[in-house]
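Below is one structure, written out as structure tokens; the observations come after it.
The values are calculated or read from the model by the stated rules, or taken from the named source; none is laboratory data. Since this is a predicted model, take the numbers as computed values, not measurements. In this analysis, Cβ positions are derived from the backbone assuming ideal geometry, glycine residues included, and neighbour counts consider all displayed protein chains. Surface areas here come from the heavy atoms of the whole protein model, side chains and all, with no ligands, DNA or RNA. Shrake-Rupley method; radii C 1.70, N 1.55, O 1.52, S 1.80 Å.
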Amino acid sequence: MDVVLVGGLWLDGSAWERVVPALAARGHRPVPVTLPGQGDGDGTATLDDQLAAVLAAVDAAPGPVLVAGHSAACGLAWLAADRRPGRVARVALIGGVPVADGKTYADFFEVRDGAMPFPGWEPFAGPESDDLGEEGRRALEAAAVPVPEGVARGTVRLTDPRRYDVPVLLVCAEISPEQARAWIAAGEAPELPLARHLSYADIDSGHWPMFTRPEALAHILADAADETEAAKGADGADATG
């Protein structure tokens, strides 16, 4: 199965380079996406441009795909399920949750000169970044790509209720599944209670597991892809038997 990998704010497709080999070794085809404006030098990119890049990866796959979004890009993964509910077989949300219809995508930090630069480590102090270590934090900050204003301040538009039939795996980075369940029950992620098939995985990491626990993350995604393929196969057998 193709596994489309979509990094969060300030990351380009190279963020997944340590996840890719382990996913491929499990028999899946990893497809890291470098989002417009986050690696190609296009400071005018919009949220629609980024969604188009994710949908292009989905449409290029020979069959149903798993779309994995990280952090803010959990919103992009969910948008892909909304636009392609028949092609996206499962969504994995890593360290984030979908944005509700009509909300701003990711206007979290100061925008300067048309872009939202990495804000430094103070907002992420503690469990979110501790496992990166000093060297990991320096490397991530040095590679961080400012996010175009048209992406960060884009408006999310969800239109197809069939997205709620797409199975969702919430990969709990920096919090436990129990904490995530409580957070969702409190109404902090209004799209997720509507998902008809919601499961959880605990990766026991900070916010950036593709850097700190790449093999564990790859195996979680591979397990999800395996389960999805098995379910699709069973559905086909039921339909023909």
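When each of the peptides 65-71, 11-17 is scored by the mean number of other C-beta atoms lying within 10 Å of its residues, the order from highest to lowest reads 65-71, 11-17. Where the alpha-carbon atoms of region 22-88 are placed on the principal axes, they occupy 36, 26, 22 Å, in descending order. Rounded to the nearest 20 debye, the dipole size of the chain about its Cα centre is 600 debye, using +1 on the Cβ of Lys and Arg and -1 on the Cβ of Asp and Glu. Here Arg138 sits with roughly 140 square angstrom of accessible surface, probe radius 1.4 Å. Mind checking the log10 I(q)/I(0) for region 1-132 at q = 0.14, 0.20, 0.23 Å⁻¹? Debye, one equal scatterer per Cα, no solvent, two decimals. Summing over Cα pairs of region 1-132 leads to -0.64, -1.25, -1.53. To the nearest ten degrees, helix 214-240 and the longest principal axis of the Cα atoms of the chain are 30 degrees apart. Taking all protein chains together and rolling a 1.4 Å probe, Ile175 ends up with roughly 70 Å² accessible. The share of C-alpha pairs in region 106-158 whose separation exceeds 14 Å stands at 59 percent. Note on the chain: percent of Cα-Cα distances in each 10 Å bin, starting at 0 and stopping at the bin with the largest distance, equals 8, 34, 39, 17, 2, 0, 0. Split the accessible area of the chain by element, probe 1.4 Å, and carbon with sulfur accounts for 49%. With r as the distance between the Cβ atoms of Glu135 and Lys103 and R0 = 35 Å, compute the FRET efficiency 1/(1 + (r/R0)^6) and round to 0.05. Efficiency, rounded to the nearest 0.05: 0.45.
Computed from Cα positions, the angle between helix 74-83 and the longest principal axis of the chain comes to roughly 40 degrees. Extent along the principal axes, Cα only, for region 99-241: 59, 35, 28 Å, with the longest axis given first. What does DSSP give for region 1-116 in terms of the percent of beta bridges that are antiparallel, rounded to the nearest 5? The answer is about 5 percent antiparallel.
Per residue, what accessible area does the chain have, given a 1.4 Å probe and all protein chains present, in Å²? Ligands and nucleic acids excluded, the result is 43 Å² per residue.
Compared with the dominant Cα axis of the chain, that is its longest principal axis, helix 133-143 is turned about 90°. Helical content alone sets the calculated 222 nm signal of the chain at -10500 deg cm²/dmol, taking -39,500 (n - 2.57) per DSSP H segment of four or more residues and averaging over every residue. Here region 1-57 is treated as a Stokes sphere of Kirkwood radius computed over C-alpha pairs; at 20 °C and 1.002 mPa s its diffusion coefficient rounds to 182 µm²/s.
Both radii were evaluated on the Cα set of region 66-105; the Rg over Rh quotient, with Rh as the Kirkwood radius, amounts to 0.95.
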